[in-house]
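Please read the structure below before turning to the comments.
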Amino acid sequence: MSNNPREQFLRALQAMQQGRVAEAAEQVDGLLQRNPREVNALRLRGQCHLAQGELAQAAAHLERAVAIAPDYAESWADLGRVCAQRGDLALAEQHYRRALALNPQLAQAAKPLQRLLQQRGEQQAAAALAEQLPSRRQRAATLRELRPLLSERATRSDQQRGEQLAMAALQADPLNQGVAALLCKRALASNRASWAEQIAGRMTQRLPEVGRWWLQLATALSRQDQLERAASACQRALEIKPQWSEALMLLGHIASKDNHFDRALSYFEQVLALDPAHVAARVQRATALKTLGRSAEAIADYQRCLQFEPSCGEAAWSLANLKTYRFSADEVAAIEQQLAKPELAEQDRVYFGYAKGKALEHQQQWPQAFASYAAANAVKRQMVQWDRHRFSQQIDAIIEVFTPQLLARLRGAGVADAAPIFILGLPRSGSTLQEQILASHSQVQGTRELPYMPWLAGGLHKPPHAQASAPYPAAMRQLDSGDLYALGERYLQQAQRHRSGNKPFFIDKLPNNFIYLGLILTALPQAKIINTRREPMDNCFGCFKQLWAEGQHFSYDLTDLGHYYRDYQRLMAHWHRCFEGQILDVDYEQVVENLPAHVRRLLDFCQLPFEQQCIDFHHTERAVNTASSEQVRQPIYASAVAYWRHFETELAPLREALTEGLAG
């Protein structure tokens, strides 16, 4: 049993709540021997004495607690209870009122004071006191009003009104967990994880014994890539409720996100030891196994998930996402059976649709495969938000801001560190292949798709590190060399936690970093930039038939895809003009045609000596957590070149959308 004081206190608290008073008293006595001034332990020991009818001892411990912490409202309320049981109602009232002065909504002081006033015949005062306390009925009514306003299907104006009402309700009733949970869910659903962190953080302060809020806090922190703090919050939840599957699952997710897949496996396996039929844990275990290159074990786990739960679309899609798996006729029939169910959840319909598309693609049933992909994309497109016109305006603004005059003013700024190698471009353009080639080099470490550069750009005008009054890209006009140096340092500090060993270079493979290339090369002027390209039709169709875990919302509609590719092309052309000679374009087709020549060119650009293992990249053992994880473990192949022609008729809308962006 752990000797951690916090865990010991939580065990004592749990024992007390479950009526095991003697056990709680024994635990808390041990804590007080270590620290006689620990006010929470003093209060709990007082409660134990009170439960055992030992009023003098209860009063002694509680008086010691309020002497050390005079603002401890709950201890004053407990002292009021002791006095009431002793028959000293005047002193009881004094303590209750002291507690309410510190916390006007403290029910454990207000309710006994209300009863005391009623017994004295002071009905008006008792009624006034009751009005300041939220009732269960009032809380239920508030939730009924807020739920439709804060649902994902509500209009934007209703959601905004719901947020305002919920914040007002929470301010009036800070312990209203239902409203806090609604707001937290809304914050996460609208990609405002820092707001969710604030809500959950306040609830952990007010209700530290409620494990659910530690999990909510961990989720919000994980969304912001604050993974160490997120894991710590999960551990707090496990202290409150040991072997809690939900907490173990979240720890596994955090470990996976941090590229610690062996550690993630251990968490998922703990869940499966508690419940072998826990499908979500088995799916995540399989994904970790796949990432580590243990494909046979991953396949067995995915298949077992479908045996446990035939409607588990994620397992079917994960098999398809291996790219090398071939569905049997029975498995295809089972997928079609699920898709025929009208009640199938939207996300599962998407999963099974992609899985069926991949199965038909392997059977070379091209029109049918495309129809399945298109149906899944149509559902997914309704589930996400994407405005291609707004994105085009963002690209216009970036091009307008990054002028020769701005770059001349900022020349020489930033951190002179050549460690980062950025691989960027569109997804499905061969970026994972370039990462695998470079990560096979003895001096280069592959990390993952690091989110830090978009976060730094998004925070330029926000506390706690606000450096401008306008958002990116306009913020760049307000930055000076000191600001850019600080940005470069913060990026390197954040990336450092993903590096191990003494390799001098590391890879950041976030595709969307092309949007922030101007910021990257002014904050980190010695960084290497590798822009992976692929024939536009192949590239865009590769995106269209790929389901993404998050982001890439432009990829679920052919016209959106075409416009996005054109915007990407014109922005990269602008960056080439701004940073001549600092960006290496890598064309997938040329890589396939002559791998050795490409590897030498790539290593020369990165100023790295030639190493044969970069050509033999498929032998490199490392975790690969992208859609191409299985493909980069094979020798290079040319079958993906011009693959889109199998779907030429169906891809006419894409070709039309791309036309304006194609040279010649």
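Read the figures in this text as sums done on the coordinates, not as results from a lab. Here the structure is a predicted model, which is why all the values come from computation and not from measurement. Reconstructed Cβ throughout: ideal geometry from the backbone, glycine too, with neighbour counts over all protein chains shown.
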Expressed as a whole number of Å, what is the distance separating the alpha-carbon centroids of segment 518-543 and segment 211-254? 34
Please get the size of the charge dipole for segment 5-133, origin at its Cα centre, with Cβ charges of +1 on Lys and Arg and -1 on Asp and Glu, quoted in debye to the nearest 20. 20
How far apart, in nm, are two points set 7 Å out from the Cα along the Cα-to-Cβ line at Glu228 and at Ala371? 5.5
If you rank Ile421, Ile240 by fewest surrounding Cβ atoms within 10 Å, what's the result? Ile240, Ile421
Expressed as a whole number of Å, what is the distance separating the alpha-carbon centroids of segment 154-173 and segment 452-494? 31
J(HN,Hα) series, segment 490-506, from Karplus relation 6.51 cos²θ - 1.76 cosθ + 1.60, nearest Hz, glycine and proline x: 5, 4, 5, 5, 5, 6, 4, 5, 9, 9, 9, x, 10, 5, x, 10, 9
Could you give the angle, 0 to 90 degrees to the nearest 10, between helix 136-149's Cα long axis and the longest principal axis of the Cα atoms of the chain? 20
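Per the helix-only calculation at 222 nm, which mean residue ellipticity applies to the chain, given -39500 (n - 2.57) for every DSSP H run of n ≥ 4 and division by its residues, nearest 500 deg cm²/dmol?
For the chain, the value works out to -19500 deg cm²/dmol.
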Short version: ³J(HN,Hα) in whole Hz for each residue of segment 355-360, in order, from phi by Karplus 6.51 cos²θ - 1.76 cosθ + 1.60 (θ = phi - 60°), x for Gly and Pro, what are they? 5, 5, x, 5, 4, 5
Considering the values (i) 56; (ii) 59; (iii) 63, which represents percent of Cα pairs over 34 Å apart as calculated for the structure under consideration? (i)
Taking r as the C-beta separation of Val210 and Ala597 and R0 as 60 Å, the FRET efficiency to the nearest 0.05 is 0.45
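Under the classification rounded if a/c is under 1.5, otherwise prolate if a/b is larger than b/c and oblate if not, where does segment 439-552 fall, given a ≥ b ≥ c as square roots of the Cα gyration tensor eigenvalues?
oblate
Could you pull out the pairs from Lys356/Lys380; Lys290/Lys380; Lys290/Lys356; Lys290/Lys323; Lys257/Lys528; Lys290/Lys503 whose alpha carbons sit more than 22 Å apart here?
Numbers: Lys356/Lys380 15 Å; Lys290/Lys380 25 Å; Lys290/Lys356 20 Å; Lys290/Lys323 12 Å; Lys257/Lys528 25 Å; Lys290/Lys503 25 Å.
Over 22 Å Cα-Cα: Lys290/Lys380; Lys257/Lys528; Lys290/Lys503.
Provide the gained length on full extension for the span Asp396 to Ala168, in nm with one decimal, where the gain is 0.36 nm per separating residue minus the Cα-Cα distance.
On the way: separation 228, 0.36 × 228 = 82.08 nm, distance 3.93 nm.
Between Asp396 and Ala168, full extension yields an extra 78.1 nm.
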Ascending count of other beta-carbon atoms within 10 Å, so fewest first, for Asp387, Asp258: Asp387, Asp258
Total formal charge among the other residues, if their Cβ is under 12 angstrom from that of Cys305, Lys/Arg +1 and Asp/Glu -1: 0
Amide H contacts of Phe505 (H built 1.01 Å from N, under 5 Å, at least 5 apart or other chain): Gln445
Say the dipole of segment 489-584 comes from +1 at the beta carbon of Lys and Arg and -1 at that of Asp and Glu; which of Tyr568, Gly518, Gly501 then lies farthest toward its positive end? Gly501
Using the crude model of +1 on Lys and Arg Cβ and -1 on Asp and Glu Cβ, and no other charge, please compute the dipole size for the chain relative to its Cα centre, in debye to 20. 1340
Net charge of neighbours whose Cβ lies under 15 Å from the Cβ of Ala101, counting Lys and Arg as +1 and Asp and Glu as -1: -1
Once amide hydrogens are built 1.01 Å from N within the peptide plane, the residues lying 5 or more places from Asp585 or on another chain with amide H under 5 Å from its amide H are Asn531
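So, counting K/R as plus one and D/E as minus one, what does the shell of residues with Cβ under 14 Å around Trp548 add up to? Intermediate values should be presented prior to the final figure.
Values: positive: Lys380, Arg381, Arg428, Lys545; negative: Glu314, Glu449, Glu550, Asp557, Asp560.
Taking every other residue near Trp548 into account, the sum is -1.
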